[in-house]
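A.B. asks: Quick one: structure below, then a few questions.
Here, each number is a calculation from the coordinates, and none is a lab measurement. Note that the coordinates shown come from a computational prediction; the quantities given were computed from them, not determined experimentally. Cβ coordinates were reconstructed from backbone atoms using ideal geometry, including for glycine residues, and neighbour counts include every protein chain displayed.
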Amino acid sequence: MAVRDAGSLLVGLLVLFHTWGAWAAVEVNMEDRVEVFRGETASIACMFTSSEGIGAMIIQWFYVTRGGERQNIYYQDATTKIVARGTPFTDRISVNGTGATGDVVLTISNVQLQDELEFICLIGSVTGEAGEGRTKLRVFETPDLPTIESVQTGISVSEDSLSKIGTCEVKNGFPKPNITWYRNNTPLRTAQDVVKVVPSITSESSGLFSVKSELSMKVVKEDKDDVFYCEVTYFVPGGTRMTETNRVNITVYYPSTAVSIWVESPKGKIKEGDSIELHCRGNGNTPSSIISIKHTKTDQTWEGNVLVLRNVTRLNTGDYTCTSMDTDTFEEITDYTTVFVNYLKPAVVIPENTTVVVQGDELKATCNALSPLQTHTAWFKDGVEVSTGHTLILQDATFDTAGAYVCVVTVPEIEGMETRKTLVVQVQGPPEIMEKDHTEMEQIFEKTVELSCHARGFPAPSITWTTSDGKVLKTASQEDTEEGVQSVVTIKVDSDITAFCNASNEHGTAAVTFNIKAITHTTTPATTTTTTTTSNPISSTTVKAQTANPPEKVKKEGSGVIIAVIIICILLLAILGSVLYFLYKKGKICGRSGKQDLTKEKSNKDNIVVEMKSDNTEEAVLLGVNGEKQPPSDQSGEYLDVQK
């Protein structure tokens, strides 16, 4: 092998010797550079021409070491292809082409950073002509994403020296990446006593580069809203690329030149019971300042820039002062705002609570509630508005006038701001019976019936129950209602009963009559109409009632038909009696002469008696055959009795 290498070297020297004499006979063309990413495959092309043709050419590849020496890595002639041993490329290179086409390509696989060298393609012929070309291999590695870190502490504008803003760093790039600082999209360059950018480069064990850049500045108040970031530029095959870091800002400390205090909530007018939130803020930013809020009326002071007052009253009205003091210079600046708490005092009604008015008289009541704002007053009874304004006038008072009157005072400007007070009105007068229906009824014999009586008046009346025979009934229940007193009794029906509900107070009495008819059958009873009169010292009330079944309309129509039939029958009987009497007088009947005096032989058997009872009178009328009135024989019911 050594002999073979020596022979190759000898041939190379001969070719080189002849090349010096006739260099221009062989022309070699190569690219200035070939660029690839680390780990990829590089292809270096060598194209050549010769005045003697391109057949049987000798091809050699070399690389230039870091020290500038030429190192052979490949040899090829018409019969031999040799890869030099012991070089960094021995196992990673191959050459395509024989030279017969005028071009060959050196291929390097798995390119590494140390492969960034200059490669030489040498072309020669056996006649001594030779030529060479050179290509630089450039290797690239994309760096990691850059990072930025700003200072965590605030920076004071009063600092005399430059203050550190932050640090940017990008790692593992090749060739070396570049870092540029930006403030609000404007690049920053080093400027004496204003901006200072200090870069530092680290070569990693892998051969890659890491770059760090530190920014320092003279900070002013206007920097409080600035954003900073870094732009990293790195190289790739065929050009450059760029990436940016996140945006960061810094905390700038600067003294306040003014403070402001305001009511954050509620918006608009404040009323008693609200919660007030006061805010105080200076136009500076410094940890050395202390902010406090003071109520000048009470000299009460709170530290902090937010004050919350809950469930405020009119006592919270006044000026509130905000003070900012710099503990470094002990300078103070202040501002103030005025807080007014609107109020609505409790309503005052005159007369108070409960008042008594005589039936028929007039009552005048007033309602007022003090407030610094315009108010609206309305009066309500049973939820219905009965009057507006401060004065309530009740004319010609009746029992219906009595009740609770609620005065409601509101402030239209502020929702939910209101006060109310109740006035109870009692109307003084004699009792009055309410609900006088169903006073006439029928009930089956030996059954019980429940009677209810409701009376009103002031003072509240007392109620007693009696019957027509003077018996006092025991009350089953009695309760006070909103309008008066309601009493209930239970009666066992063992005969026809007339019961009285008697209501009385110091101003008079009132009564209502209940007529109960005992019946012995379960069929639908005939309609009965009864008149009951209720009297008291002031007025007399006539109550007309009838039984519940059948319906009232049917009962009235049935009674009219019966009365009409009775009247017709009476008229027919009267006519018949007159005819018979006339014939009797003339002797046409019974074989008697018409000259006989029938008046001498009158007897009860010869009388025709008709009894009639109407709805509108209790008087019974008896008619004889001669039309004269007779004494009543029975007035206990409605019936027709004819006797001969």
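A.B. asks: Using only the Cα atoms, what convex hull volume per residue in Å³ does the stretch 44-109 have?
C.D. replies: Details: hull volume 6.2 nm³, N = 66.
That works out to 94 Å³ per residue.
A.B. asks: Ok, one more. Over all directions, how big on average is the projection of the convex hull of the alpha-carbon atoms in the stretch 348-423, in square nanometres?
C.D. replies: Values: hull surface 19.5 nm².
Average projection, Cα convex hull of the stretch 348-423: 4.9 nm².
A.B. asks: Turning to a different aspect of this structure: Would you please name the GluC sites (Glu not before Pro) within the stretch 425-465 that are DSSP coil residues with at most 15 other C-beta atoms within 10 Å of their C-beta? Let's see the in-between values first.
C.D. replies: Details: sites: Glu432, Glu435, Glu440, Glu442, Glu446, Glu450; in loops: Glu435, Glu446.
For GluC sites (Glu not before Pro) across the stretch 425-465 that sit outside H, G, I, E and B with at most 15 neighbouring Cβ atoms in 10 Å, the list reads Glu435, Glu446.
A.B. asks: Considering all projection directions equally, how large on average is the shadow of the alpha-carbon convex hull of the stretch 255-342, in square nanometres?
C.D. replies: Working: hull surface 21.1 nm².
Projected area, direction-averaged: 5.3 nm².
A.B. asks: Another one. Using 0.36 nm times the number of residues separating Glu303 and Val64, minus their current alpha carbon distance, what extension gain do you get?
C.D. replies: On the way: separation 239, 0.36 × 239 = 86.04 nm, distance 7.71 nm.
Full extension from Glu303 to Val64 adds 78.3 nm.
A.B. asks: Got the relative contact order for the stretch 32-135 handy, in percent, Cα pairs under 8 Å and 6 or more residues apart? Write down the numbers at each step before the final one.
C.D. replies: Working: 197 pairs, mean separation 37.2, N = 104.
So the answer I get is 36 percent.
A.B. asks: Calculated FRET efficiency, Asp225 and Gln114, Cβ-Cβ r, R0 45 Å, to nearest 0.05? Intermediate results must be reported in sequence, preceding the final value.
C.D. replies: Details: r = 49 Å, r/R0 = 1.08.
My answer for the efficiency is 0.40.
A.B. asks: Right, here's the next one. Can you list the residues, at least 5 places off or on another chain, whose amide H is less than 5 Å from the amide H of Glu132, using H built in the peptide plane?
C.D. replies: Distant-sequence amide H within range of Glu132: Val28, Ile123.
A.B. asks: At a 10 Å Cβ-Cβ cut-off, how would you order Ile567, Ile73, fewest neighbours first? Walk me through the intermediate numbers first.
C.D. replies: On the way: Ile567 12, Ile73 24.
Listing Ile567, Ile73 from fewest to most nearby Cβ atoms yields Ile567, Ile73.
A.B. asks: When the distances between all Cα atoms of the stretch 73-190 are binned every 5 Å from zero, what whole-number percent does each bin get?
C.D. replies: Over the stretch 73-190, the share of Cα pairs per 5 Å bin runs 2, 7, 13, 14, 11, 8, 6, 6, 6, 6, 6, 5, 4, 3, 2, 1, 0 percent.
A.B. asks: Ok, one more. First measure r as the distance between the Cβ atoms of Thr448 and Leu576, then evaluate 1/(1 + (r/R0)^6) with R0 = 41 Å and state the FRET efficiency to the nearest 0.05. The partial results should precede the final answer.
C.D. replies: Working: r = 49 Å, r/R0 = 1.20.
E(calc), rounded to 0.05, equals 0.25.
A.B. asks: Moving on. Relative contact order of the stretch 97-139: what whole-number percent is it, with Cα pairs under 8 angstrom and at least 6 residues apart? Kindly include the intermediate steps, with their values, before the conclusion.
C.D. replies: Working: 41 pairs, mean separation 15.2, N = 43.
Across the stretch 97-139, relative contact order equals 35 percent.
A.B. asks: So, one more: What relative contact order, as a whole-number percentage, does the stretch 348-423 give when Cα pairs under 8 Å and 6 or more residues apart are counted? Provide the component values of the computation, followed by the final result.
C.D. replies: Working: 144 pairs, mean separation 26.7, N = 76.
So the answer I get is 35 percent.
A.B. asks: Given just the C-alpha atoms of the stretch 368-407, how large is their convex hull per residue in cubic angstrom? Present the calculation step by step, with values, prior to reporting the outcome.
C.D. replies: On the way: hull volume 2.8 nm³, N = 40.
Cα-based convex hull of the stretch 368-407, divided per residue, equals 69 Å³.
A.B. asks: Still on this structure, please answer the following. What ³J(HN,Hα) values, in whole Hz, does the Karplus curve 6.51 cos²θ - 1.76 cosθ + 1.60 give for the stretch 376-381 when θ = phi - 60°, with x put for Gly and Pro?
C.D. replies: Ordered by residue, 3J(HN,Hα) equals 10, 10, 9, 10, 10, 9 Hz.
A.B. asks: Residue by residue through the stretch 193-210, which ³J(HN,Hα) values in whole Hz follow from phi under the Karplus form 6.51 cos²θ - 1.76 cosθ + 1.60 (θ = phi - 60°), with glycine and proline marked x?
C.D. replies: Values per residue, Gly and Pro as x: 6, 10, 10, 9, 10, 10, x, 8, 10, 10, 9, 6, 4, 7, x, 7, 10, 10 Hz.
A.B. asks: How much length would be gained if the chain were fully extended between Thr202 and Thr98, taking 0.36 nm per residue of separation minus their Cα-Cα distance, in nm to one decimal?
C.D. replies: Details: separation 104, 0.36 × 104 = 37.44 nm, distance 4.49 nm.
Extra length available between Thr202 and Thr98 comes to 32.9 nm.
A.B. asks: Could you check the simple spin-label distance between Lys164 and Val424, using points 7 Å along Cα→Cβ, in nm with one decimal?
C.D. replies: Between Lys164 and Val424, the label points sit 8.3 nm apart.
A.B. asks: What area, in nm² and to one decimal, does the C-alpha convex hull of the stretch 330-486 cast on average over all directions? Provide the component values of the computation, followed by the final result.
C.D. replies: Details: hull surface 68.1 nm².
Answer in nm², one decimal: 17.0.
A.B. asks: Ok, one more. Hey, which of these cross-link pairs are over 29 Å Cα-Cα: Lys81/Lys176; Lys271/Lys294; Lys176/Lys196; Lys271/Lys297? Each step should come with its number before you reach the end.
C.D. replies: Working: Lys81/Lys176 38 Å; Lys271/Lys294 21 Å; Lys176/Lys196 21 Å; Lys271/Lys297 19 Å.
Lys81/Lys176, as the Cα separations exceed 29 Å there.
A.B. asks: Three principal axis extents, largest first, for the C-alpha atoms of the stretch 147-252, in Å?
C.D. replies: Largest first, the stretch 147-252 extends 47, 25, 25 Å along its Cα principal axes.
A.B. asks: Compute the signed sum of charges (Lys and Arg +1, Asp and Glu -1) over the other residues within less than 12 Å, Cβ to Cβ, of Val197. Could the numbers behind the result be given before it?
C.D. replies: Numbers: positive: Lys164, Arg183, Arg189, Lys196, Lys212; negative: Glu214.
It works out to a net charge of +4.
A.B. asks: Would you mind ranking Trp262, Trp61 by Cβ crowding within 10 Å, fewest neighbours first? Each step should come with its number before you reach the end.
C.D. replies: Values: Trp262 13, Trp61 23.
If I rank by nearby Cβ atoms, fewest first, I get Trp262, Trp61.
A.B. asks: Could you list the GluC sites (Glu not before Pro) in the stretch 37-129 that lie in coil according to DSSP, counting only those with at most 16 other Cβ atoms within 10 Å of their Cβ?
C.D. replies: Answer by residue number: Glu40, Glu52, Glu69.
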